[in-house]
Amino acid sequence: MRTIYWRRCSLSSIIFSILLTCIIFLTLLFYIKHIIIMSIIYNTSINDHDFKQNSLIQSSSIPPQYLLIPYREFVLRTSISCHTFKLIEPKKNLFQFHPKYSPYLHGIFPFIIPYLNITFDDIENFYTKILIKNQNQTDNIIHQTSFASNITFKNIPYRYENEMWYPIEVISAQRTAILVPLQGRDYNAKVFLLNIHAFARRQLLTYTIILIEQVKPSNSRFNKGRLYNAGVRYIEQQSLNITCLILHDVDLIPENDENLYTCELQHPKHTTIRIRQLNNTRNNYMRYYEFLIGGVLLLTFDMYKKINGFSNLYWGWGGEDDDLSLRFIQQRMCVIRPKYELAIYVALPHPKGQANGARFNLLTWSTIRLNADGYKQIDSMIHFVNIRKISTVTHLKIDVNADNSLYKPPLMKNFQSTYNTIYNNITTIGKTETTTTSTFLKTTSF
């Protein structure tokens, strides 16, 4: 009996040991595969030999419509916000002035919706003549004009010199360029321009405003990425010594002047947290998903160059902002946001652009193109058709398809032969051979 008992115990121990070994082995195997995938996604150290042997990327033709998870699920579950950060807390210094100390901040910004007959010359006349007449008056004056009534903007002392507006009372800590891409949308541009000058002056910014309009090809869909890249290239060529770039949608007007238009030195700043339509009340704001960084984004030149700017490949509505978010993630950059109650905007009505049906295919390969598709490649793709400079705006008219044949995006069929030099930029994994144990799901449309 004792012998039988010990044999039973021995058999149980053996079975238990085998099960435990299997569990440990499977756990270790899963962990190794997880580390390999995460190494590729986040560009951490990985042995080149292991990378080549990894079954997840052995396929020579990875279908671009596949991601590790559905893209919609990815963006809805992924936050690009910085979990821990410290905002700049500058001391009051009139020679390195920070907008938080501006005496002209009053919270709610009284934006103006002008008549349809407003012209760019009207705006120029308003800021260079009408306000200057009342330069010494500090109280609100209600202006009645041919293009708008009941304008209550303060008469804040400013001067214009070398394409920049300067506050007379202080020296701003930053030199700011507000870049606004558009195609058509002439009335939206005028409404924006009339209001953003008053908003910037409340914060005593040193600033310039640049409209970047796509005029050619005439029948082409909107390419916001090329326009932003063209605008940044123009600034660099003009040697304006800009230290803060503000990428701003033309249809958004800020509603609180304590939403400070200043760049942070360590992180990009996204200020478009809540938006309401013009015909909605102030209690009817919409909040967008955390991954979104469209609308209004503030970043330095160095940050823009680090991610190689925007992709040049997105035609039509949608995708280019998410592509930029993926570039931030690839470069280990997170985004900070102002207080919830301050980052509010009103959206001007406008016709919706044609959706970009190819955006999901492009997003699948976003960061593998990072160094080959962006700001550094813009020169061969754009041509400045016309540049108009007046004090209130620099208006660039751009042909976004000039010499387009000079630029050829990398073909996916050649991926296998070129990945040795660019694999560190991969952040999305395509569908693999059926022998792999991972499950891949097809991307879904919004």
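Laboratory data are not the source of any read-out in this text; all were calculated from the coordinates shown. Here the structure is a predicted model, which is why all the values come from computation and not from measurement. Don't worry about glycine lacking a Cβ; one is built from the backbone with ideal geometry, like all the others, and counts go over all protein chains shown.
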* **Equivalent ellipsoid, region 238-373 (semi-axes from 5 times Cα gyration tensor eigenvalues, Å)** => 25, 20, 13
* Simple spin-label estimate for residue 142 and residue 380 in nanometres, 7 Å along Cα-Cβ -> 6.0 nm
* To do: Would you please give the FRET efficiency between residue 106 and residue 389, computed as 1/(1 + (r/R0)^6) with r the Cβ-Cβ distance and R0 = 30 Å, to the nearest 0.05?
  => 0.40
* Kirkwood Rh (inverse of mean 1/r, distinct Cα pairs), region 173-316, angstrom -> 16.0 Å
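Quick one: putting +1 on the C-beta of Lys and Arg, -1 on the C-beta of Asp and Glu, what dipole do you get for region 71-415 around its Cα centre, in Debye to the nearest 20?
Working: 40 positive and 29 negative charges, 104 e Å.
Computed about the Cα centre, the dipole is about 500 debye.
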* To do: Kindly state, to the nearest 0.05, the FRET efficiency for residue 284 paired with residue 116, given R0 = 25 Å and r defined as their beta-carbon distance.
  => 0.50
* To do: Any chance you could list the semi-axes, whole Å, largest first, of the equivalent ellipsoid that the Cα gyration tensor gives for region 71-415, using √(5λ)?
  => 32, 23, 20
* Quick one: length gained pulling residue 354 to residue 92 fully straight, 0.36 nm per residue minus the C-alpha distance? -> 89.6 nm
* Asked: Taking every eigenvalue of the Cα gyration tensor of region 171-258, multiplying by 5 and rooting it, what semi-axes result, largest first, whole Å?
  -> 23, 17, 9
